[in-house]
1. Compute the distance in nm between two label points, each set 7 Å from the Cα along the Cα-to-Cβ direction, one at LYS200 and one at ASP24.
2. Based on Cβ point charges of +1 for Lys and Arg and -1 for Asp and Glu, what charge dipole magnitude is obtained for the chain about its Cα centre, in debye rounded to the nearest 20?
3. Percent relative contact order of the range 55-182, based on C-alpha pairs within less than 8 angstrom and at least six residues apart?
4. Helix 90-105 versus the longest principal axis of the chain: what is the Cα-based angle in degrees, 0 to 90, to the nearest 10?
5. Taking the Cα centre of each part, how many Å lie between the range 91-106 and the range 148-181?
6. Going highest first, how would you order 168-177, 65-74 by mean Cβ packing within 10 Å?
7. Magnitude of the Cβ-charge dipole of the range 55-182, K/R +1 and D/E -1, about the Cα centre, nearest 20 debye?
8. So what is the 222 nm mean residue ellipticity for the chain from helices alone, if each DSSP H run of at least 4 adds -39500 (n - 2.57) and you divide by all residues, rounding to the nearest 500 deg cm²/dmol?
Amino acid sequence: MIDGIDWRMHRVDPHDIDAHLDPDTQTIRPWRFPRPETNSKVNFPVQFQAYQCDTDTYLESLREKLLGKENYPIKNYMSTFPKLRENASPGDIFEFLNEVTRYSSGFAVYCPPPHTMVPEHNGGQLYDRLPRHCREHWQYYDSAIRQALLGKHVGLDHSELVKPVAYERSGYQMLWRLAYIAGHPRLSENFVDPGLPRQKSSMDLMEYRAEWLTRLHLHYYQGTFLSD
């Protein structure tokens, strides 16, 4: 149990999120802070679809080169690559990026977990800790990611928001650009918090849910975990 600052949320260093994750739940531990309306002192973080994995476990999944070997043909990597939801919202894009990271690790292909992305370069903050093959074959993986993202079934051309990404010449830059377009708060100096989602009379429940999903991701990349 950790001591909190508010019952509604808990904050950690956004550059060190992994250090705060509980390996059993893949999110932060519950925190203590009084909640007057329920007379309780224990608060639990809301769980949502994000790639929340500690760094050591993730890097271990990349330990040896697999892509291109007999049991890991590159055509399989391309053909079963995750799909982006049609007319994707920013939250959908973040979910897609998380799924790409999770999926690619099964082929020992490094794709920066979104919470490790940085503005300076598309290799992310884990680049210097990567296994040797990830850096020695960087161009090979870069090309494979780009080809996979351009696959018709992935659906980049089904969303106006992300169509410009297809013009990037680098797979890693395409991932970075997707996160930037979705509003990743650590990639833009001009990030403006969109504020608390409000359901307007013209907005259906799924649209409202999508706005909340986006907000959960934005908070997460800033090191803020909302209570459930």
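Read-outs: derived from the displayed coordinates by stated rules, not from any lab. Quick caveat: nothing in here was measured; it's all calculated off a predicted structure. Please note: Cβ atoms are built from the backbone with ideal geometry, for glycine as well, and neighbour counts cover all protein chains shown.
1. 4.5
2. For the chain, the charge dipole is close to 340 debye.
3. 31
4. So the inclination is approximately 50 degrees.
5. 13
6. Taking the mean over residues of other Cβ atoms within 10 Å, the ranking is 168-177, 65-74.
7. It works out to roughly 320 debye.
8. After summing the helix terms and dividing by residue count, I get -10000 deg cm²/dmol.
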